[in-house]
Every structure is written in C-alpha cells, then in structure tokens.
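What follows draws every value from the coordinates through simple rules; no lab data is involved. Given the structure is predicted, the values throughout are model-derived calculations rather than measurements. Please note: Cβ atoms are built from the backbone with ideal geometry, for glycine as well, and neighbour counts cover all protein chains shown.
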Amino acid sequence: MGVGEKLLPFLPSPRVLREPDGRFRLEAYGERPASIGRVRAFAGNAGILVRAYAYIRAHGASGLCEVSEDAVLAANYLKARLADVLDVPFPRPCMHEFVASSATLKAETGVRTLDVAKRLIDYGFHPPTVYFPLTVEEALLIEPTETESLETLDAFVEAMRCIVDEARHDPDLLHSAPHSSPVRRLDEATAARQPNLRWRAMTGSQSPCPD
C-alpha cells in the first residue's frame, strides 16, 4: 500500500524502519504522536469484502468471465511448459492453479521444494505456496492468475529451468538461497527449537536487530 507524504505521520505503528547504515529496526513507541496506533481486527474481514466487491463491479459479468478464462489459460500454459522440468502429479487440465512437485529432484539431488522456492527469490519471483496440498510430496502450488503477461510466464519457466539445472550441478547454491534478499534464510533447526512467537515493543533507542 502506498500513501502520500502528508499521510506518513498518521500511519499505523510500529513501522519497520531502515537506518542509514542499512540495519532495520521497529519504530519506537511515541516516535510519531499522530499515528493511529496499532491496527487490530475489530472490523473483521470488511476490508477484503470491499475489495472483492469493487473488483466485481469494475469488471462486470463479461469482464469476470474474461479474467477467469485468462487465469485458467495461464495455469494450463505453465503446467504444460513445466511438465518436463518438475513432476506434475495431476496431468489433466486444471483450473486457475496446478500442483507441481520436486520429489524426483529431491531424490536425485537432495534439493527440496523449499530450496527451489528460496532460489526463485534470487530470480525476482515471489515463491509459490509450498508443501500444499499435503497429499503431494514436495508440492508447489502454482497460481499465475489472470494478471501475468505471457512474457512473465515464460520468464518464470526459464527461471525454473535454470534452478533445476543449478540443483543438478551445484545443489549447495540452492541450500543457502536466497542470496540477493535483505533477509537471508533462517536457521531452521534453531527456529524449531527456539521459536520466537511474541512481538515485543522496543523503547527508546533499542533495536530488535542484532549488532
């Protein structure tokens, strides 16, 4: 969500701020006195309902039919193009999304679906949903939607081809991905043994970032 500069003093708090030295910190309590404060779910899901209603009204009956067809076409196009890259456990025509799997890739290289997803970040793509549905080993649930151009779909396919090739020749590159994002991959063992599940407000000059 983007806002004009005049609205900055009123944005919800806390915000994540970036310091001149590149470190990140949470905004301190009271740093913006005019802020509306923390946003809570007192209004339920009213916001998403308004968004859905506006989308329906903007497109109308014929427009909704067209975007639905585009979404189905995009998903089936990607599924066909990725059939020789990853496992496609359900080869029949799909609707707006399809399931791929890295099961064979994992068996051959040790590279997991999570590694593939993290490496996609380095190629400029937001990773798809991983490990769902639970009935498919090493699943990726890919949903291109109606908004992606043919050029973007083709670029995604080429990125996946490159990643699978990297997995076969340099699997460690994927095990440590992403390499280009501000935040690197978490230590999974430590995160599982010492989960940090509470948000705690920082006061004064305290920073949640490690030195």
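Data overview
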{"read-out": "Computed lengthening from residue 200 to residue 52, 0.36 nm per intervening residue step minus Cα-Cα distance", "value": "49.9 nm"}
{"read-out": "Percent breakdown of C-alpha pair distances by 5 Å bin, ordered from the shortest bin, for the stretch 93-158", "value": "3, 16, 24, 27, 18, 8, 2"}
{"read-out": "Ranked list, fewest to most other Cβ atoms within 10 Å of each Cβ, for 125, 156, 10", "value": "10, 125, 156"}
{"read-out": "Over the stretch 68-190, relative contact order from alpha-carbon pairs under 8 Å, at least 6 apart, %", "value": "28"}
{"read-out": "Kirkwood-type radius of the stretch 68-190, with distances r between different C-alpha atoms, in Å", "value": "14.7"}
{"read-out": "Peptide ranges 61-73, 108-120 listed from the most packed, as the mean C-beta count within 10 angstrom indicates", "value": "108-120, 61-73"}
{"read-out": "Shape of the chain, Cα gyration tensor, a/c cut at 1.5", "value": "oblate"}
{"read-out": "Peptide ranges 129-138, 161-170 listed from the most packed, as the mean C-beta count within 10 angstrom indicates", "value": "161-170, 129-138"}
{"read-out": "Helix-only [θ]222 nm of the chain, DSSP H runs n ≥ 4, -39500 (n - 2.57) each, per residue, nearest 500", "value": "-13000 deg cm²/dmol"}
{"read-out": "Stokes-Einstein translational diffusion, the stretch 1-124 - Kirkwood Rh over all Cα pairs, 0.692 mPa s, 37 °C, in µm²/s", "value": "167"}
{"read-out": "In nm, spacing of pseudo-spin labels at residue 188 and residue 23 (7 Å Cα→C-beta vector)", "value": "3.0"}
{"read-out": "Nearest-0.05 FRET efficiency for residue 5 and residue 162, computed from C-beta distance (R0 35 Å)", "value": "0.30"}
{"read-out": "Positive-end residue, the chain charge dipole about Cα centroid, Cβ charges, pick of 126, 159, 22", "value": "22"}
